[in-house]
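Chemist: Below you will find the structure I want to go over with you.
The values are calculated or read from the model by the stated rules, or taken from the named source; none is laboratory data. The structure presented is a predicted model; accordingly, all values stated were derived computationally and were not measured. Note that each Cβ is placed from the backbone with ideal geometry, even for glycine, and that neighbours are counted across all protein chains shown. Just the protein is used for accessible areas: all its heavy atoms, side chains included, with ligands, DNA and RNA removed. Shrake-Rupley method; radii C 1.70, N 1.55, O 1.52, S 1.80 Å.
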Amino acid sequence: MTASDLNPADAEARRVIREEVDETVFVEASAGNFLYASLILDDLLARPDELGDIEHIQLPEKLSQIYHNF
């Protein structure tokens, strides 16, 4: 997938995440679990209206908490 394949809202959401979020937050929260990181990023991209307050989004502590939220 390239940037041109994304709709404008997705592209903007990805830009905000890339520029506004300290990657170490995701790395530490995921504890090296790629699935955790992938699910969190997918969730954030599904809620672009909340990205303006991204620093205050509470991340689940474990993958099981992500499943529980579904």
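Chemist: If you filter region 10-70 for GluC sites (Glu not before Pro), then keep DSSP loop positions with at most 15 other Cβ within 10 Å, what is left?
Modeler: Numbers: sites: GLU12, GLU19, GLU20, GLU23, GLU28, GLU50, GLU55, GLU61; in loops: GLU61.
Qualifying residues, ordered by number: GLU61.
Chemist: With charges set only on the Cβ (+1 for Lys and Arg, -1 for Asp and Glu), what does the dipole of the chain come to about its Cα centre, in debye to the nearest 20?
Modeler: 240 debye
Chemist: Please give the helix 34-46 orientation as an angle from the longest Cα principal axis of the chain, in degrees from 0 to 90, rounded to the nearest 10.
Modeler: Value to nearest ten degrees: 50.
Chemist: I've got another one for you. When ligands, DNA and RNA are left out and all protein chains stay put, how many square angstrom of accessible area per residue does the chain have with a 1.4 Å probe? Kindly include the intermediate steps, with their values, before the conclusion.
Modeler: Working: 5260 Å² over 70 residues.
About 75 Å² of surface per residue is accessible.
Chemist: Going by the alpha-carbon gyration tensor, a ≥ b ≥ c the square roots of its eigenvalues, is region 22-70 rounded (a/c under 1.5) or, if a/c is not under 1.5, prolate (a/b greater than b/c) versus oblate?
Modeler: Working: a/c = 1.78, a/b = 1.26, b/c = 1.41.
Verdict is oblate for region 22-70.
Chemist: Roughly how many percent of the accessible protein surface of the chain is carbon and sulfur, given a 1.4 Å probe and a whole-percent answer? Walk me through the numbers before you get to the answer.
Modeler: Numbers: 2790 of 5260 Å².
C and S fraction of accessible area: 53 percent.
Chemist: Apply the Karplus curve 6.51 cos²θ - 1.76 cosθ + 1.60, θ = phi - 60°, to the phi angles in region 22-29 and return the couplings in whole Hz, x for Gly and Pro.
Modeler: 6, 4, 5, 4, 6, 4, 5, 5
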